[in-house]
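Reading through the structure tokens given below for one structure.
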Amino acid sequence: MKKLYHSYLKLIMLTMVILLTSFNNDSSAQCTASFNWNYAAAPDSSVIQFIDMSSTSPGTIIDWFWDYGDGTSDSSQNPVHSFRFPGIYTVCLTVTTDLGCTDTLCMSVMIPSVGIPFIDIVFFGPDSISSIFCTSPANAQFMLQGQTNGFSTTDSVLIEVNYGDGNDTTFYLWNPQNFFFTQWIYSYANAGTYTAQVIVSGRGVADTMISVPIVVNSNCGPLAGTVYLDNNTDCIFNSGDTPLAGINISLSTGGNIVALTHTDINGVYSFNVPNGPLYEIRVHQNNWYGGNYVVNCPAGGNFIVSTVPSSGNDFYLSCPAGFDLTGTVTLSGIIPGRTGRVCVFAYDRGCNAPSGQIKVILDPMLTALPDSQSSYTISGDTLIWNYTPSQNYWSYCANVMTSTSATLGDTACVTMLLEPVNGDTNPADNTVIQCAPVRTSWDPNDKLAFPEGEGPTNAIRPGTLIDFTIRFQNTGTAEAYDIYILDTLDRNFDLNSFEITGHSHPMSFNILTGDILRFTFNNIMLPDSNTNEPQSHGYVSYRIRPLSGTTHGTVLYNTAGIYFDYNPPVITNTTMHTIDFTLNVNNLTSNSDISIYPNPASDLIHLKWKTSEERKVELVNMQGSVILGLNSVSQMQTVKSNKLASGIYFLRIQSNTGISTHKIIIRR
């Protein structure tokens with residue numbers, strides 16, 4: 001089976017955009033260079049139609065200058081240009097207004113080999129986590145996708161499918177320019193093991209792919225049980241206990257997850273599986289977000305089942321006292337003088353969510369923009385959302401303006417504070433800091449990774465938990481009814497550590513064969529950016545760690561494809577991380593010079609340095625106010641914290657070697 005990201009890497013060249021902005025002579029004038037392009041004479045991909053989409057306010061654009069990157073240029077507004085040779089060209093448009101405003105946009109244009117069509121199948125097989133089916137007739141939903149070149153709008157490709165059971169089918173897909181995609185259902189009438197094959201052909205070229213074996217069993221039965229909230233922790237369903245809906249259950253064989261489901265409104269789950277394999281049923285008590293339950297029974301939180309049918313595989317969970325607030329914050333569109341976006345996703349890992357506030361302290365180069373719907377308030381540099389315990393998670397977004405004094409290479413950071421802190425069982429994760437580079441352009445459909453890693457190889461330590469966020473925007477001309485994301489995991493990621501940490505809209509999730517994550521936003525009705533720009537965005541976030549035992553120097557790649565209705569996918573950038581066993585040796589910082597204990601602290605905070613020198617020590621609260629200051633010249637220093645309220649503070653230490661900051665938690 002071909003990995004999805006192989007083809008994605010081929011398409012990244014088509015989507016790379018670099019924006020270069022120069023200063024304006026008139027500081028009040030704003031102009032934006034923008035253009036689009038398409039193949040003007042397909043299948044001849046060497047002739048490109050360029051369409052000017054630049055804007056200005058105030059003033060009028062009086063000059064257009066096109067640099068085609070092949071030694072030629074043009075000064076017309078919407079030119080057609082013919083490239084003589086295949087390759088990747090950087091095409092730049094510079095616009096100038098009558099007020100002296102100048103802006104430049106550069107875009108990479110790929111000119112493939114003219115007259116040499118190709119077809120490349122990316123994926124073919126059942127659109128499900130497993131290719132094992134029970135009880136004939138078995139309905140298998142097939143998915144086929146791939147990429148093409150050298151096809152015109154009037155062309156088609158022939159799809160020939162042999163299902164491996166003596167039956168086949170033939171159909172056409174029209175207008176396969178650059179990409180083709182289709183889904184259909186086929187019913188296997190009899191039990192057996194089948195291998196399906198597809199051939200895609202057209203314009204004298206073809207590609208073929210064989211699916212994973214499709215197993216239809218006749219000897220099947222249910223693996224079933226119920227998940228209960230066991231309030232008295234006696235592992236018996238009795239008075240005061242309640243069934244739990246929406247709890248995620250996984251089914252594994254041989255250490256590999258083969259099916260995922262969740263409990264219904266009565267707390268019931270069921271898998272229909274063939275007899276024979278040894279199965280492991282496991283409850284995921286963190287439930288993606290909210291409800292970080294404790295498994296009372298069975299011990300270990302799993303059942304091992306050797307025969308089917310099997311019922312009564314019941315899980316008894318209890319909810320820890322108190323609450324534990326945490327979440328994620330994302331930052332996008334940080335461009336000087338432009339509107340960006342801050343989104344928060346907060347949730348309670350416990351079952352007793354309080355009422356409170358979500359605060360985001362903005363970087364000095366960011367300014368909050370008023371909310372027309374009054375969903376948040378602004379207090380100085382802080383965005384504030386109020387939340388109630390009517391649900392276990394809360395998702396909000398706000399628009400921000402980036403200062404015109406911000407420059408390429410700067411980093412904007414925001415801090416999310418989740419309140420209340422008092423009573424939170426783990427206040428350390430109530431504060432989340434997220435940073436994003438200042439750019440001169442940004443793709444609204446992209447993939448972010450945190451941490452990014454150290455140095456040019458994006459080095460990380462073994463076992464590092466990586467947070468990924470896939471962002472998307474409907475930049476079309478109408479509402480998007482359905483959106484789904486296919487994200488191929490590198491084989492060196494541990495699927496058992498996977499956890500969804502946030503999403504902008506209701507969605508469902510499953511895993512396709514080949515470790516492909518699928519996030520589905522059905523009936524999302526996402527408005528287009530021209531109609532409602534603020535509401536045209538969405539995202540999904542998850543975290544995962546590399547497999548234990550991943551060797552030094554292993555490179556982890558990750559790319560996603562975003563599908564808007566039945567349109568070709570929008571391919572994100574590719575993230576990269578390199579496993580580096582020496583990172584903890586190579587990257588010692590000034591933080592290693594000090595020991596701070598205990599942390600969390602109550603009455604006293606002890607500081608210990610390796611050397612004696614003069615230092616200035618300040619204790620700073622979350623509002624940035626210095627509430628305690630002292631000078632130290634010894635290797636040991638004690639700070640009294642008995643009069644401090646519970647919460648998060650920062651120790652700011654200044655010495656001859658620089659300034660370091662350390663987070664301190666005070667717990668009562």
Looking at the range 554-578, which of its residues are surrounded by fewer than 23 Cβ atoms within 10 Å (Cβ to Cβ), modelled with pLDDT under 85 and either not assigned by TED's automatic domain parsing to the domain that holds ASP467 or not in a strand (DSSP E or B) (or both)?
-> ASP565, TYR566, ASN567, PRO568, ASN573, THR574
Looking at this structure, is VAL421 aliphatic (A, V, I, L, M), closer than 13 Å to VAL342 by Cα, crowded, with 20+ Cβ neighbours inside 10 Å and touching a residue at least 40 places away in the same chain (Cβ under 8 Å)?
-> no
Is there any pair linking a residue in the range 373-393 that is among the acidic types (Asp, Glu) to one that is in a loop (DSSP other than H, G, I, E, B) and surrounded by 15 or more Cβ atoms within 10 Å (Cβ to Cβ), with Cβ under 8 Å and at least six apart or on different chains, and which?
-> ASP381/LEU362
Subset of the range 386-400, residues within 23 Å of the chain's Cα centre (by Cα) and either in the same structural domain as HIS537 (by TED's automatic domain parsing) or in a strand (DSSP E or B) (or both), comes to TYR393, TRP394, SER395, TYR396, CYS397, ALA398, ASN399, VAL400
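Pick out, from the range 153-248, the strands (runs of 3 or more DSSP E) lying fully within it that include 3 or more residues that are closer than 29 Å to ASN38 by Cβ and out of contact with any Ser or Thr (no Cβ under 6 Å at 6 or more places or on another chain).
156-162, 179-188, 197-202, 205-210
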Please work out if VAL308 is at pLDDT 85 or above and in a strand (DSSP E or B).
-> no
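Let's see how each residue does on (1) modelled with pLDDT under 80; (2) hydrophobic (A, V, I, L, M, F, W, C); (3) at negative phi:
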{"residue": "ILE88", "(1), (2), (3)": "yes, yes, yes"}
{"residue": "THR97", "(1), (2), (3)": "no, no, yes"}
{"residue": "GLY100", "(1), (2), (3)": "no, no, no"}
{"residue": "ASP103", "(1), (2), (3)": "no, no, yes"}
{"residue": "MET107", "(1), (2), (3)": "no, yes, yes"}
{"residue": "ILE119", "(1), (2), (3)": "no, yes, yes"}
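Just to be sure before I move on: is ASP103 surrounded by fewer than 19 Cβ atoms within 10 Å (Cβ to Cβ) and either among the acidic types (Asp, Glu) or assigned by TED's automatic domain parsing to the domain that holds GLY337 (or both) in the structure I sent?
Numbers: surrounded by fewer than 19 Cβ atoms within 10 Å (Cβ to Cβ): no; either among the acidic types (Asp, Glu) or assigned by TED's automatic domain parsing to the domain that holds GLY337 (or both): yes.
Spelling it out, it is not the case that ASP103 is surrounded by fewer than 19 Cβ atoms within 10 Å (Cβ to Cβ) and either among the acidic types (Asp, Glu) or assigned by TED's automatic domain parsing to the domain that holds GLY337 (or both).
Yes/no per residue for (1) in contact (Cβ under 8 Å) with a residue 60 or more places away in the chain; (2) crowded, with 17+ Cβ neighbours inside 10 Å; (3) within 34 Å of the chain's Cα centre (by Cα):
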residue	(1), (2), (3)
ASN219	no, no, no
LEU223	yes, yes, yes
THR233	yes, no, no
SER239	no, no, no
LEU244	yes, yes, yes
SER250	no, yes, yes
GLY254	no, no, yes
VAL258	yes, yes, yes
GLY267	no, yes, yes
Could you check how many residues of the range 176-205 are at pLDDT below 90, among the aliphatic types (A, V, I, L, M) and closer than 18 Å to ILE121 by Cα?
-> 1
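Just to check your reading of the model, which residue among THR531, THR464, THR477 is among the hydroxyl-bearing types (Ser, Thr, Tyr) and surrounded by 15 or more Cβ atoms within 10 Å (Cβ to Cβ)?
Values: THR531 fails: surrounded by 15 or more Cβ atoms within 10 Å (Cβ to Cβ); THR477 fails: surrounded by 15 or more Cβ atoms within 10 Å (Cβ to Cβ).
Every option except THR464 fails the conditions.
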Hey, ALA449 hits all of (1) modelled with pLDDT under 90; (2) assigned by TED's automatic domain parsing to the domain that holds GLY340; (3) surrounded by 15 or more Cβ atoms within 10 Å (Cβ to Cβ) but one; which does it fall short on?
-> (2)
For ALA299, are the conditions met, namely being modelled with pLDDT under 90, under 15 Å from TRP394 (Cα atoms) and out of contact with any His (no Cβ under 8 Å at 6 or more places or on another chain)?
-> no
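Kindly state which strands (runs of 3 or more DSSP E) lie completely within the range 330-381 and contain at least 1 residues that are over 14 Å from VAL414 (Cβ atoms), over 24 Å from the mean Cα position of the chain (by Cα) and not aliphatic (A, V, I, L, M).
The qualifying strands (runs of 3 or more DSSP E) are 356-361, 377-379.
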Report, by residue number, each residue of the range 178-202 that is small (Gly, Ala, Ser) and either under 19 Å from TYR566 (Cα atoms) or free of Cβ contacts under 8 Å to residues at least 40 places away in the same chain (or both).
-> GLY192
Members of the range 49-93 that are assigned to a strand (DSSP E or B), of a type outside the set (A, V, I, L, M, F, W, C) and surrounded by 15 or more Cβ atoms within 10 Å (Cβ to Cβ) = ASP52, THR56, ASP67, ASP74, HIS81, TYR89
Can you name the residue in the range 601-616 that is within 11 Å of SER641 (Cα to Cα) and assigned to a loop (DSSP other than H, G, I, E, B) and, of all such residues, is farthest from the chain's Cα centre (by Cα)?
-> ASP603
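Any idea how many residues of the range 393-418 are touching a Lys or Arg at 6+ places or on another chain (Cβ under 9 Å) and within 16 Å of PHE345 (Cβ to Cβ)? Working first, answer last.
Of the range 393-418, the ones touching a Lys or Arg at 6+ places or on another chain (Cβ under 9 Å) are 397-402, 408, 415-418.
Next cut, within 16 Å of PHE345 (Cβ to Cβ) only: 397-398, 415-418.
The number of residues fulfilling the criteria is 6.
Just to verify a result, which residue in the range 394-410, among those that are touching a residue at least 40 places away in the same chain (Cβ under 8 Å) and of a type in the set (Gly, Ala, Ser), is farthest from GLY538 (Cα to Cα)?
In this case the residue turns out to be SER405.
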Applying the selection to the range 452-472, what residues are modelled with pLDDT under 80 and assigned to a strand (DSSP E or B)?
-> GLU454
Pairs where the first residue, in the range 60-84, is more than 14 Å from CYS106 (Cβ to Cβ) and at pLDDT 90 or above and the second is surrounded by fewer than 14 Cβ atoms within 10 Å (Cβ to Cβ) and hydroxyl-bearing (Ser, Thr, Tyr), C-beta under 7 Å, 6+ apart | TRP64/SER75; TRP64/SER76
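The values are calculated or read from the model by the stated rules, or taken from the named source; none is laboratory data. Bear in mind that the values here come from a model prediction, so they are computed numbers and not experimental data. Heads up, the Cβs are rebuilt from the backbone with ideal geometry, glycines too, and the neighbour counts pull from every protein chain shown.
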